[in-house]
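A short write-up of the structure that comes next.
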């Protein structure tokens, strides 16, 4: 009971975000390989949510960031349970990597799980989210009270974005929402050939966006490339939207080599180098 009371007090701060961007547009950045084709300068005057490792991109500072998300519960803790292997690690290499690369820096709003609260420096720009043991329950989607959209950064970005008043959302680098999603991230080498079967994920995301379309009148679009098109959302072509051409850059062109080396040694086992 005491922990719940303290948690509610911490997350009640999120009330200050309500409708701050009423009827505006927000671009939601993922970490998919398609990011390699984009010029961040095209987004510098647009409201942007970022997530995960977007902060490693050399042009990250060009973005007008209104929210940055990294949800993994306990990922900033010295002792951590890996979300995929479910194994505990007594030496959290990912935490050390975050410290070395200044994961939480600058004046950007940073959103994370309340389970990370004891392990990160307290800043006015840090915001915490908690689900009180509820998972994807559309009756509980208030970031300032009980937020069940903690299954991943995209769920949280949508829910928090609507709470902040945004009306139009454009998915960028959210490759899992494309018709033939390939496994891989912009900070990994090359473009993988493995097609991911993720219908459960896309169905749930579509359920969430359908809900907000009906309840709040929101609109959701997919920023498409020549080889990345969505069949579940209306596409906005990148080249036409920004009157530019796709320009592929390899991971070592957009992330510092020394950072890539450190990233190759954390628990997630990313494919940083050519095999």
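What the table shows:
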read-out	value
Translational diffusion coefficient (Stokes-Einstein; Kirkwood radius from C-alpha pairs) of segment 212-265 at 10 °C, 1.306 mPa s, in µm²/s	112 µm²/s
Contour minus Cα-Cα distance for residue 244 and residue 96 (0.36 nm per residue)	49.5 nm
Computed E for residue 79/residue 273 - FRET, C-beta separation, R0 30 angstrom, nearest 0.05	0.55
Length-normalised contact order of the chain in % [C-alpha pairs under 8 Å, at least 6 apart]	23 percent
Shape metrics for segment 2-263, restricted to C-alpha atoms - Rg then Dmax, Å	17.8, 55
Residues in segment 113-142 that a label on residue 22 would reach, taking backbone N under 16 Å of a point 7 Å out along Cα→Cβ	none
Rounded to 5, percent antiparallel among DSSP beta bridges of the chain	20 percent
Simple spin-label estimate for residue 13 and residue 256 in nanometres, 7 Å along Cα-Cβ	2.7 nm
Rounded to 5, percent antiparallel among DSSP beta bridges of segment 98-225	25 percent
Overall Cα dimensions of segment 21-155 - principal axes, largest extent first, Å	41, 38, 30
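Coordinate-derived values only; no laboratory data. Fair warning: this is a prediction, and the values are worked out from it, not measured in the lab. Don't worry about glycine lacking a Cβ; one is built from the backbone with ideal geometry, like all the others, and counts go over all protein chains shown.
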